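Working notes, structure below.
All of the numbers you see were taken from the coordinates with simple rules; none came from a lab. These numbers come from a predicted model, not from an experiment. We place every Cβ from the backbone using ideal geometry, glycine too, and count neighbours over all the protein chains shown.
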Amino acid sequence: MMSDKALDNIKVLDISDDISGAYCTKYLADYGADVIKIEKPNKGNPTRHMGPFFQDEPDIEKSLLYFYLNCNKRSITLDITQNSGKKILFELLSNVDVFVENFQPNYLEEIGITYEQLQQQFPKLIIMSLTPFGQFGPRSHFKGNDLIYYAMSGIMHISGAYGKPPLKHGHPQSYYMAGMTAAYTITSALFSKSMSNTGQHIDISLQEVVASHHYNGPTRYSYTGAIEARATKVEGSSFKGIKFEGIVKAKDGYIGASSQQGRQRPLFSTYAEMLDIPELSDKKFSSATDRIDNADELDEILLPKLEEWNKYDYFDKTMSDGWVTGVVQTPEDLLKCPQLDDREYFMEVEHPKIGKITIPGEIFRLPNCPWQFTRPAPLLGQHNTEIYCEELEYSKNDVIMLKQGGII
């Protein structure tokens with residue numbers, strides 16, 4: 001009988017301590033994998049100490065970031081730097097399919113664990129290593145963060161306004177991009193293992209993950225020698241504008257206005273007619289070049305008119321007529337979004353310390369083996385007894401001794 005979980009019977013040991021590792025195993029857990037989160041005794045995972053916190057009360061059990069990233073997982077505590085901790089780690093690894101870690105290269109070797117040893121002892125194990133710059137190369141030992149990955153990927157070079165410093169995107173997207181990449185890479189390795197019966201060591205560099213989304217600049221340079229840069233026309237132009245065809249004010253928020261209809265750009269007079277602004281039908285606005293040359297005058301006429309529109313009225317009117325526009329949605333807007341509501345994107349879950357809270361749910365649809373919510377994010381070490389006593393068959397006295405020794 002076919003399982004209703006895509007990754008049923010897949011067991012994952014997650015010892016990562018950042019967003020990318022947790023986001024990776026979130027995907028696996030959401031689609032049926034049994035994910036065990038290893039955390040440091042007493043302190044827990046670093047994401048437990050990252051805000052926002054429920055009701056602004058710092059608490060390792062009330063981090064909303066940790067909550068979102070770790071639903072459907074189990075938590076145990078373990079100090080792998082101690083010999084007894086390493087022994088337990090190897091016992092756990094003997095029963096799992098995937099091991100996810102984000103230590104700096106050579107860290108495991110420094111504490112007495114090598115990848116060669118893991119692959120020799122567990123030949124079917126899939127090891128996922130997420131690091132700033134990968135396992136080898138002249139910068140592989142450097143540490144990193146989201147700002148560095150964007151800067152080193154080349155994306156920041158083309159982000160922002162001409163003549164001003166480069167900008168990074170507002171959300172730490174690199175961590176989530178890397179986590180998503182790691183998740184689908186693991187599923188590829190699992191598919192490979194189903195045929196070869198052999199695991200492998202997967203090496204993911206966060207710099208490379210972000211750089212892979214910036215294909216145009218390097219490709220253009222390799223063909224033409226041209227260095228892609230931020231557009232020189234900004235104020236009031238249609239190229240990366242901060243005015244019309246950029247993000248502009250509406251009566252109750254911001255919209256992404258555009259004179260594009262579908263994949264085509266019709267006569268600008270058609271857009272003027274749709275908005276009932278006859279002044280825009282003037283010949284000096286007829287072509288893209290004309291509008292750039294007369295950008296300030298265009299903005300003086302158009303922007304005040306756009307500010308008279310409610311953002312969703314403009315969006316619904318233009319999109320219904322085939323124009324390409326957008327609304328800058330706030331977090332409140334997202335929770336009230338009829339499209340997301342109809343697709344049941346958000347769901348309410350309950351946590352013993354936080355209570356009921358609404359979080360994003362199913363990200364993609366697999367009709368035959370859909371996303372499932374089985375448990376809220378675990379309390380620190382919540383499953384110690386279950387895993388150590390019931391699964392590894394340690395006695396309760398053993399667990400007490402391990403706890404007293406600071407090993408769990």
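Between their Cα atoms, which of Lys87/Lys403; Lys143/Lys168; Lys5/Lys336; Lys143/Lys164; Lys37/Lys356 are more than 21 Å away from each other?
Details: Lys87/Lys403 15 Å; Lys143/Lys168 18 Å; Lys5/Lys336 30 Å; Lys143/Lys164 27 Å; Lys37/Lys356 23 Å.
Violating the 21 Å Cα-Cα cut-off are Lys5/Lys336; Lys143/Lys164; Lys37/Lys356.
Choose one answer from Asn106, Asn216, Asn45: the residue with the largest mean-square fluctuation in a GNM of the chain with alpha-carbon springs under 10 Å.
Highest fluctuation of the listed residues: Asn216.
So if I take the centroid of the Cα atoms in region 267-289 and the same for region 338-408, what is the distance between those two points in Å?
56 Å
What is the magnitude of the charge dipole of the chain about its Cα centre, with +1 placed on the Cβ of each Lys and Arg, -1 on the Cβ of each Asp and Glu, and no other charges, expressed in debye to the nearest 20? Walk me through the numbers before you get to the answer.
On the way: 41 positive and 54 negative charges, 169 e Å.
Here the chain has a charge dipole of around 820 debye.
So what's the projected area for region 120-232, the Cα convex hull averaged over all directions, in nm²? Write out the running numbers ahead of the final one.
Details: hull surface 37.2 nm².
Its average projected convex-hull area is 9.3 nm².
For the chain, what proportion of DSSP beta bridges, expressed in % and rounded to the nearest 5, is antiparallel?
Details: 15 of 36 bridges.
Roughly 40 percent of the beta bridges in the chain run antiparallel, per DSSP.
Taking the chain, how much of its Cα-Cα pair set, in percent, is spaced more than 39 angstrom apart?
34 percent
If you find the alpha carbon centre of region 17-76 and of region 154-169, how far apart are they in angstrom?
Distance between centres, Cα-based: 32 Å.
On the Cα set of region 3-139, report Rg and Dmax in Å, please.
15.4, 48
Over the chain, what relative contact order in percent results from Cα pairs under 8 Å that are six or more residues apart? Present the calculation step by step, with values, prior to reporting the outcome.
Working: 687 pairs, mean separation 80.3, N = 408.
Here the relative contact order equals 20 percent.
With helices defined as uninterrupted DSSP H runs, which ones in the chain have an alpha carbon span along their own long axis of at least 20 Å and mean Kyte-Doolittle hydropathy of at least -1.0?
Values: long enough: 173-196 (34 Å, 0.26).
Going by DSSP H runs, the hits are 173-196.
Taking the Cβ-Cβ separation of Cys369 and Ser192 as r and a Förster radius of 25 Å, what is the calculated FRET efficiency to the nearest 0.05? If you can, show how the numbers build up before the last one.
Working: r = 20 Å, r/R0 = 0.79.
Approximately 0.80, to the nearest 0.05.
Most mobile of Phe268, Phe103, Phe346 per a Gaussian network model of the chain (Cα springs, under 10 Å)?
Highest fluctuation of the listed residues: Phe268.
How high is the relative contact order of region 247-328, given as a whole-number percent (alpha carbon pairs under 8 Å, six or more residues apart)? Provide the component values of the computation, followed by the final result.
Numbers: 99 pairs, mean separation 37.2, N = 82.
Value for region 247-328: 45 percent.
Would you mind ranking Tyr394, Tyr215, Tyr254 so that the residue whose beta carbon has the fewest other beta carbons within 10 Å leads the list?
Working: Tyr394 20, Tyr215 10, Tyr254 16.
The fewest-first ordering by Cβ neighbours comes to Tyr215, Tyr254, Tyr394.
Mind checking the alpha-carbon convex hull of region 247-328 and giving the volume per residue in Å³? Before the final figure, lay out each step's value.
Numbers: hull volume 6.7 nm³, N = 82.
Expressed per residue, the convex hull around the Cα atoms of region 247-328 is 82 Å³.
Can you count the Lys pairs in region 247-328 with C-alpha separation below 27 Å, eight or more apart or on different chains?
Going through region 247-328 pair by pair, I get 13.
More than 21 angstrom separation, counting every C-alpha pair in region 292-408; what % is that? Each step should come with its number before you reach the end.
Working: 4569 of 6786 pairs.
Counting every Cα pair in region 292-408, those more than 21 Å apart make up 67 percent.
Under a 10 Å cutoff between Cα atoms, tell me which one of Gly246, Gly134, Gly21 has the largest fluctuation in the Gaussian network model of the chain.
Gly246
Ranked from highest to lowest mean number of other Cβ atoms within 10 Å per residue, what is the order of the peptides 189-195, 269-275?
Values: 189-195: 13.4, 269-275: 17.4.
By packing density, highest mean first, the sequence is 269-275, 189-195.
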